[in-house]
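The values are calculated or read from the model by the stated rules, or taken from the named source; none is laboratory data. This is a predicted model, so every value here is computed, not measured. Here the Cβ positions follow ideal geometry from the backbone for every residue, glycine too, while neighbour counts run over all protein chains shown. In case anyone asks, the SASA skips ligands and DNA or RNA and just uses the protein heavy atoms, side chains included. Shrake-Rupley method; radii C 1.70, N 1.55, O 1.52, S 1.80 Å.
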Amino acid sequence: MTRAMEQYLRKGLKGTAFCPGCGHGLLLGSILRAVDRLGIPQDDLLFVSGIGCAAWIPSPNIGTDTLHTLHGRAIPFATGAKLANPKLTTIIASGDGDLTSIGGNHLIHAARRDLDVTVICANNQIYGMTGGQTACTTPVGTHTATDPAGNVFRPFDVCRLVKAAGARYAARYPVTRPVELIDAIEKAIRIKGFTFVEAISPCPTQYGRRNALGDLAKLYEAVDASCVTAEEAARLGEDERRRRFVVGEVVS
Amino acid sequence: MAEPKRKERPAAQLLQGNVAAAEAAIRAGCRFFAGYPITPSSEIMVRMAELLRERGGAFMQMEDEIASICAVAGASWSGAKAMTATSGPGFSLMQEGLGYAYFTETPLVLIDVQRAGPATGQATHVAQGDVMQFRYGSHGDLFPIALVPWSVQEMYDLTIRAFNLAERFRTPVFLAADEAVGHLRENAVLHDDYEVVDRVRFGDGDPFGSADPAGVPVMPAFGDGRALMVTGSTHDPKGFRKVDDPNVHDALVTRLMRKVMDHADEIVEVDAHLLDDAEIGIVAYGISARTSIAAVKRLRAKGVKAGLLRLKTLWPFPEREIARLGERVRAIVVPELNKGMIAGVVRGCTRARVLSITQTNGKTIDPSRVVRFAEEMS
Ligand SMILES: Cc1ncc(C[n+]2csc(CCOP(=O)(O)OP(=O)(O)O)c2C)c(N)n1
Ligand code: SF4
C-alpha cells in the first residue's frame with residue numbers, strides 16, 4: 001500500500017492477511033483512491049463486508065466505521081445501517097461467493113429496492129478462504145477443489161443479473177486495469193441509488209494454482225487477457241467469448 | 001380560565017397482545033423495524049409499519065427473516081433502537097444473526113410469538129416449544145435474556161422492559177410470547193410513566209471491553225467518528241480480530257456470560273400467587289400460567305393448598321426462586337405446551353418432586369387437567 005493512502009488505513013494495523021499476489025490488495029488500493037477523489041469525510045463512510053478473504057478488504061484495513069458481518073449477509077446489515085442513518089455513505093465490499101451465492105437473494109432485492117449503496121464484488125471465481133471450492137462465478141471447465149475434473153455449470157454474469165434486478169449502474173473491470181476500475185468505483189459511489197462494481201481479482205493460491213496458470217506474472221497476464229471489451233467480444237466466436245469477461249459499464 | 005388539566009393515567013383499552021407489543025416498542029423509543037410476515041406474529045409488523053410512518057423512523061419488509069435480523073443489527077449500530085418479530089420457522093432462520101448480535105454486543109429486541117412446531121407445524125395454533133431455542137438456538141456459548149408475557153398488559157410492559165434490558169446490557173433480548181397471548185384481546189393500559197433506558201454511547205473506554213469483567217462497554221454509533229470496527233469474529237476490546245489468541249476468546253466469552261449472569265438478580269422477575277402456605281407449587285409461564293392461576297383458585301376452593309410461581313423471566317432461569325420453592329412444597333407441577341422442556345430445567349434446580357404436565361395438540365391446557373393432576377397427588 002502506498003504511503004499516499006495511509007490516512008485511510010486503520011491505525012495499529014500490522015500487515016495484511018492476504019496471500020502474496022492476491023488481487024484483493026490491489027482492489028483495496030483502488031477503492032481508497034476512488035474514495036479519496038470523492039473527498040467524503042472519513043467519519044461519514046461505512047464499509048460493510050460478509051465473510052471470506054474479500055471481506056477483509058475493508059475490515060480491518062480501512063480506518064473508517066467497518067461492519068464485518070456474516071457470510072452472505074453484508075447487504076441486509078448495510079440496509080439497516082443505511083436506513084437508520086441515511087447520512088452514511090455506505091459501501092459494501094465482499095467476495096463473489098459471499099455476495100452472489102449465499103447472499104444472492106439479498107443482492108437482487110437491494111437492487112430492486114434501489115437502496116442507496118454501492119456494492120463492490122471481488123470476483124476471484126472461486127471460494128478462496130475455504131480452500132478453493134467451486135463458486136457460482138467459476139467458469140465452465142476450470143478446476144476447483146470440488147470439481148477437480150472441471151466445473152460443468154454456467155457461471156452468473158453478475159453485472160447483467162443486477163441490471164435485470166434494477167441497478168442504476170454496474171461495471172466490470174479487472175484489478176489489472178486500475179484506471180478504469182477506480183473511475184468505475186468513483187462513479188458508482190457518486191450515483192444515488194443501487195450501484196455495483198465487479199472487480200476481477202486473481203487468487204493465486206486457490207484459483208491460479210489449480211488451473212496451472214503459472215507464476216504471478218503469468219497469472220496476471222492471463223487474467224488481463226481474459227478481459228475484453230464488448231466490441232472485442234463481438235468479434236469472437238461463441239466458444240471463445242464464453243471464456244472471457246466482458247468489461248466496461250453494463251448500465252449507465 | 002380553565003384549570004390546567006392534570007396528567008391523567010391513560011384509560012384501559014381493548015387491545016390485541018401483538019398490537020400492544022408494537023405500541024410498547026414505539027414508546028420505548030424503537031425507531032427501526034425490519035421483518036418478514038409469519039403467523040401468528042404478523043400483526044406486530046403491520047402495526048409497526050403504521051406507527052413508524054406516523055412517529056418517524058424506518059420500516060422495511062425484508063426478503064426473509066435472515067435479512068430482517070441482520071438489518072435490525074445494522075440499524076442498531078447506526079444508533080437506532082431496533083426490533084423484529086417472528087414465529088418458529090422465522091426464528092430458526094434468525095439464529096445465526098442473533099448469535100452475531102450477541103457476540104458483537106448489539107442491543108435489539110426480538111419478539112417470537114410461538115406456534116406449534118417442528119417445521120411449519122400448526123401455524124395458527126399455540127405452543128411453547130421454542131423455549132430452548134431462546135436459550136440454545138445459536139451456536140456457541142450464549143447467555144441470553146428472554147422475558148415471558150402472560151397477558152396483553154405484559155405484552156406491553158415486558159416489551160418496554162425488553163428494550164430497557166437490551167440497552168442496559170447491550171445484548172439482544174427476546175420476548176418469548178405465545179400465540180394465545182399474542183392473539184389475546186383484553187383490556188390493557190398503555191401507560192407512559194415508565195423509565196426508558198438509553199445506551200451509553202459516549203464515554204471513555206473501548207467499545208468491546210471494560211475494566212469490570214462483568215462490564216458493559218460504551219457503544220458508539222456509526223458516524224460518531226470513532227472508526228468502529230465491528231466483527232463477529234473473536235475480537236479484542238478495540239474490535240481488532242484476534243482469532244488465534246486463546247486468552248482473548250476466553251476473556252470475551254466469559255465477560256459476555258458474566259455481564260448477564262452476574263446481574264441475574266436485576267433481570268429475573270417472578271410473580272408469586274398464594275405460595276405462603278402452599279403444599280403444591282405450580283411453576284408456569286405464558287398462557288399456561290393463565291391456566292394455572294385458574295387451577296389454583298379451584299384447588300383452593302376444594303381445600304387443596306396450591307400456589308403458583310409464575311415466571312416472567314425465562315432466561316436467565318430463575319434458579320434461586322425455584323430452589324426456595326422446592327424447600328417449601330411437597331411437589332412442583334410444571335404445566336407447559338411442549339413435551340416438558342422447562343420441567344427438566346426445574347428439576348435441575350431442586351431436589352423436590354417435579355411433575356410435568358405436557359400438551360402438544362395446539363390447544364391451551366384446560367385448568368381442570370391441572371386440578372385433577374394436583375388432586376391425585378394430594
Ligand atoms: C453460513 C456460513 N457458511 C459457510 C461459511 C464458510 N465460508 C467462509 S468464507 C466462505 C467463502 C468465501 O468466498 P468468497 O466470498 O468468494 O470470498 P474469497 O474468500 O474467495 O475472497 C465460506 C463458504 C461461513 N462462514 N458461514
Ligand atoms: S486464498 Fe486467494 S483470495 Fe484468499 S487471500 Fe489467498 S490469494 Fe487472496
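Some notes on this structure:
- Looking across the range B:142-173, just one residue is within 22 Å of B:Leu308 (Cα to Cα), open to solvent by 10 Å² or more (accessible area, probe 1.4 Å), assigned to a helix (DSSP H, G or I) and not acidic (Asp, Glu), and that is B:Gln153.
- Per the conditions (1) touching a Gly at 6+ places or on another chain (Cβ under 9 Å); (2) closer than 30 Å to B:Gln114 by Cα, the sole criterion not satisfied by B:Ala227 is (2).
- When B:Ala22 is tested against (1) closer than 23 Å to B:Asp178 by Cβ; (2) surrounded by fewer than 23 Cβ atoms within 10 Å (Cβ to Cβ), just one condition goes unmet, and that condition is (2).
- Among the residues examined, B:Glu195 does not qualify as in a strand (DSSP E or B), surrounded by fewer than 24 Cβ atoms within 10 Å (Cβ to Cβ) and touching a residue at least 24 places away in the same chain (Cβ under 8 Å).
- For the range A:42-59, a residue qualifies if it is over 17 Å from the mean Cα position of the chain (by Cα), open to solvent by 10 Å² or more (accessible area, probe 1.4 Å) and in contact (Cβ under 8 Å) with a residue 40 or more places away in the chain, and exactly one does: A:Asp44.
- In the range B:342-378, the qualifying residues are those that are closer than 14 Å to B:Ser288 by Cβ, in a helix (DSSP H, G or I) and touching a Ser or Thr at 6+ places or on another chain (Cβ under 9 Å), and the one that is most open to solvent (accessible area, probe 1.4 Å) is B:Arg369.
- Some residue of the range B:107-122 being buried (at least 24 other Cβ atoms within 10 Å of the Cβ), closer than 26 Å to A:Lys82 by Cα and without any contact (Cβ under 8 Å) to a residue 40 or more places away in the chain: no
- Verdict on B:Ala323 being open to solvent by less than 20 Å² (accessible area, probe 1.4 Å) and of a type in the set (Gly, Ala, Ser): no
- The range A:63-86: number of residues that are more than 7 Å from chain B (Cβ to nearest Cβ), surrounded by fewer than 24 Cβ atoms within 10 Å (Cβ to Cβ) and either of a type in the set (Val, Ile, Thr) or under 19 Å from the mean Cα position of the chain (by Cα) (or both): 1
- Filter result (under 15 Å from B:Ala67 (Cα atoms) and within 14 Å of chain A (Cβ to nearest Cβ)) within the range B:20-47: B:Phe32, B:Phe33, B:Ala34, B:Gly35, B:Tyr36
- Options B:Gly182, B:Gly232, B:Gly225, B:Gly209: the member that is of a type in the set (Gly, Ala, Ser), out of contact with any His (no Cβ under 6 Å at 6 or more places or on another chain) and loosely packed, with under 15 Cβ neighbours inside 10 Å: B:Gly225
- In the range A:156-239, counting only helices (runs of 4 or more DSSP H) that sit wholly within it, the ones holding 2 or more residues that are open to solvent by less than 40 Å² (accessible area, probe 1.4 Å) span A:158-165, A:178-190, A:216-225.
- Condition met for A:Ile185 (more than 16 Å from ligand 1 (Cβ to nearest atom), in contact with a strand residue (DSSP E or B) (Cβ under 6 Å, 6 or more places away or on another chain) and either touching a residue at least 12 places away in the same chain (Cβ under 8 Å) or more than 14 Å from chain B (Cβ to nearest Cβ) (or both)): yes
The rows are residues; the columns are (1) open to solvent by less than 80 Å² (accessible area, probe 1.4 Å); (2) without any contact (Cβ under 8 Å) to a residue 24 or more places away in the chain; (3) more than 13 Å from chain B (Cβ to nearest Cβ); (4) assigned to a loop (DSSP other than H, G, I, E, B).
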| site | (1), (2), (3), (4) |
| --- | --- |
| A:Leu13 | yes, no, no, yes |
| A:Phe18 | yes, no, yes, yes |
| A:Gly21 | yes, no, yes, yes |
| A:Leu27 | yes, no, yes, no |
| A:Ile31 | yes, no, yes, no |
| A:Val35 | yes, no, yes, no |
| A:Ile40 | yes, no, no, yes |
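- Summed over the range B:79-99, residues that are farther than 21 Å from B:Ile160 by Cβ, open to solvent by less than 10 Å² (accessible area, probe 1.4 Å) and facing chain A (nearest Cβ under 10 Å) total 1.
- Residue within the range B:127-141 that is assigned to a loop (DSSP other than H, G, I, E, B) and of a type in the set (Asp, Glu) present: yes
- Residue within the range A:151-173 that is touching a Pro at 6+ places or on another chain (Cβ under 8 Å) and without any contact (Cβ under 8 Å) to a residue 24 or more places away in the chain present: yes
- For B:Phe208, the conditions (1) more than 21 Å from the chain's Cα centre (by Cα); (2) part of a loop (DSSP other than H, G, I, E, B); (3) away from chain A (no Cβ under 14 Å) are fulfilled apart from (3).
- Unique match (being over 26 Å from A:Asp239 (Cβ atoms), within 16 Å of ligand 2 (Cβ to nearest atom) and assigned to a loop (DSSP other than H, G, I, E, B)) among A:Thr142, A:Thr130, A:Thr138: A:Thr130
- Of all residues in the range B:326-340 being surrounded by fewer than 20 Cβ atoms within 10 Å (Cβ to Cβ) and under 21 Å from the mean Cα position of the chain (by Cα), the one that is nearest to B:Ile293 (Cα to Cα): B:Gly340
- Looking across the range B:269-309, just one residue is open to solvent by less than 10 Å² (accessible area, probe 1.4 Å) and at positive phi, and that is B:Gly286.
- In the range A:87-111, the residues that are more than 9 Å from every other protein chain (Cβ to nearest Cβ) and surrounded by fewer than 24 Cβ atoms within 10 Å (Cβ to Cβ): A:Thr89, A:Ser101, A:Ile102, A:Gly104
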